[in-house]
1. Identify, please: which residue in segment 212-221 is of a type outside the set (Gly, Ala, Ser) and open to solvent by less than 50 Å² (accessible area, probe 1.4 Å) and is, among those, nearest to residue 270 (Cα to Cα)?
2. May I ask you to list the residues in segment 1-20 that are surrounded by 19 or more Cβ atoms within 10 Å (Cβ to Cβ) and either of a type in the set (Lys, Arg) or in a helix (DSSP H, G or I) (or both)?
3. Can you find a residue in segment 55-63 that is over 14 Å from residue 123 (Cα atoms), under 19 Å from the mean Cα position of the chain (by Cα), among the aromatic types (Phe, Trp, Tyr) and not in a loop (DSSP other than H, G, I, E, B)?
4. Whether any residue in segment 279-296 is open to solvent by 70 Å² or more (accessible area, probe 1.4 Å), at pLDDT 50 or above and not in a loop (DSSP other than H, G, I, E, B) is what I want to check.
5. If the Cβ limit is 8 Å and pairs must be 6+ apart or interchain, which residue in segment 222-240 that is more than 13 Å from residue 212 (Cβ to Cβ) and open to solvent by 50 Å² or more (accessible area, probe 1.4 Å) pairs with which residue that is part of a loop (DSSP other than H, G, I, E, B) and of a type in the set (A, V, I, L, M, F, W, C)?
6. Every residue in segment 138-152 that is open to solvent by less than 40 Å² (accessible area, probe 1.4 Å) and not in a loop (DSSP other than H, G, I, E, B), please.
7. How many residues does segment 241-255 hold that are open to solvent by less than 30 Å² (accessible area, probe 1.4 Å) and either in contact with an Asp or Glu (Cβ under 8 Å, 6 or more places away or on another chain) or of a type outside the set (D, E, K, R) (or both)?
8. Can you name every residue in segment 153-170 that is open to solvent by 50 Å² or more (accessible area, probe 1.4 Å) and small (Gly, Ala, Ser)?
Amino acid sequence: PWSVTAYQSALSLHDKFTHYIHHNSDSDDGFSSRMASALHDLSSAYRLYGPHCMVGSYNGGKDACVIFHLMRAVHADYCRGMSMRQQRRQEEEAGSGNNYCNGDDDTNGSFGNENDVEFAIPRPRVIYFQHRDEFPEVLSLLHDTVREFDVEMLAFREGVSFPEGLTHLVERNVPPHNNGFSYYTTSSSEIVGKYAPYPAPPPHPLAFILGTRKNDPNAGSQGVYAPSSHYMPPFMRVNPILDWEYNDVWKFLREFDLPYCSLYDEGFTSLGTVKDTLPCPALKKEDGGDGNEGYWPAYMLEDWSLERAGRIAKPKKAKKPTSTTATTTTTAATETAIAGEKGQQDYLLKLEREGSKERSRLT
């Protein structure tokens with residue numbers, strides 16, 4: 001079950017969100033309205049799917065950080081509602097006062113005694129796909145935040161594709177029993193304990209929470225709720241920040257003092273891997289002759305269309321020659337990409353070495 005400390009922290013964050021929305025509806029260029037919509041859309045998904053069938057995508061990027069904190073706040077608020085409803089039912093059935101909820105009121109942060117697993121609050125679930133060229137700073141953020149906020153992370157090893165990983169989740173998303181825990185099994189022989197004689201139930205529908213925004217390359221024609229593509233396993237995509245802009249992301253993270261990857265303070269505006277990501281050139285500081293070079297932080301980017309300007313373009317594949325004599329050609333795009341990589345060769349090699357050390361520490 002979710003720790004009381006993490007649960008209460010998430011409840012406090014949700015209350016901060018609602019307080020901000022209530023007191024800033026007419027003074028922040030519509031940001032509070034977009035925040036309210038994100039909370040409403042995510043809460044609606046929780047009402048339809050329940051906390052056991054909601055999974056967040058958490059790769060350490062800025063949009064994923066927004067989703068991570070929105071999810072844990074809404075997750076806690078939904079469980080608070082479950083606790084209150086359960087309390088009322090218990091009181092109605094017993095015909096007496098509440099005898100299982102800890103604390104002085106019904107928003108204390110627990111379904112009941114931590115040892116009473118029947119009312120245990122499930123931890124929020126997130127997934128991450130490991131990559132050999134991941135930034136060490138991203139790995140540090142993931143490690144620290146998952147631990148601090150007591151979130152359940154399923155990290156797929158290198159080489160597992162998105163369809164494979166999501167298929168694993170979808171096929172094993174079986175409903176929880178009365179004690180709040182899922183079977184996580186596909187055959188009756190894998191079930192242990194007093195439920196061993198019973199076969200595993202069929203999977204429940206899964207909702208996958210994403211940080212997709214409308215200007216992202218993969219956004220397409222998605223809506224806030226979008227069924228998965230035909231080549232993916234069946235699940236519902238939930239895009240609560242689809243209508244957010246670049247500055248909304250930074251206003252959210254900084255307004256509520258939420259953790260994000262340190263690379264964004266070094267001029268990175270969009271994170272890929274150590275081999276295809278550089279600081280945004282639009283944020284490069286001008287050399288005033290004092291040797292104070294470097295980059296401004298990501299939240300200072302004024303032209304939002306340059307968000308992905310630090311990404312190194314992948315070389316275009318050369319067309320096959322029409323004659324029988326094969327020739328080697330290099331496109332202008334390839335030359336540009338190669339030049340960019342060579343210009344940062346020492347920097348990237350340094351990151352790769354640090355990444356190897358960080359992965360060794362985490363594993």
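1. The qualifying residue nearest to residue 270 (Cα to Cα) is 216.
2. 6, 7, 10, 11, 13, 14, 17
3. No, segment 55-63 contains no residue that is over 14 Å from residue 123 (Cα atoms), under 19 Å from the mean Cα position of the chain (by Cα), among the aromatic types (Phe, Trp, Tyr) and not in a loop (DSSP other than H, G, I, E, B).
4. yes
5. Between residues of segment 222-240 that are more than 13 Å from residue 212 (Cβ to Cβ) and open to solvent by 50 Å² or more (accessible area, probe 1.4 Å) and residues that are part of a loop (DSSP other than H, G, I, E, B) and of a type in the set (A, V, I, L, M, F, W, C), the close pairs are 227/235.
6. Across segment 138-152, the qualifying residues are 138, 139, 140, 141, 142, 145, 146.
7. Step one: filter segment 241-255 for residues open to solvent by less than 30 Å² (accessible area, probe 1.4 Å), giving 241-242, 244, 246, 248-250, 252-253.
Going one step further and asking which of them are either in contact with an Asp or Glu (Cβ under 8 Å, 6 or more places away or on another chain) or of a type outside the set (D, E, K, R) (or both), we end up with 241-242, 244, 246, 249-250, 252-253.
Residues in segment 241-255 being open to solvent by less than 30 Å² (accessible area, probe 1.4 Å) and either in contact with an Asp or Glu (Cβ under 8 Å, 6 or more places away or on another chain) or of a type outside the set (D, E, K, R) (or both): 8 in total.
8. The first filter runs over segment 153-170 and keeps only residues open to solvent by 50 Å² or more (accessible area, probe 1.4 Å), leaving 153-154, 157-159, 162, 164, 168.
Within segment 153-170, 159 is the sole residue that qualifies.
The values are calculated or read from the model by the stated rules, or taken from the named source; none is laboratory data. This one's a predicted model, so the numbers in the text were calculated from it and none came from an experiment. Note: ideal-geometry Cβ built from the backbone for every residue, glycine included; neighbour counts use all protein chains shown. SASA here: full protein model, heavy atoms, side chains in, ligands and nucleic acids out. Shrake-Rupley method; radii C 1.70, N 1.55, O 1.52, S 1.80 Å.
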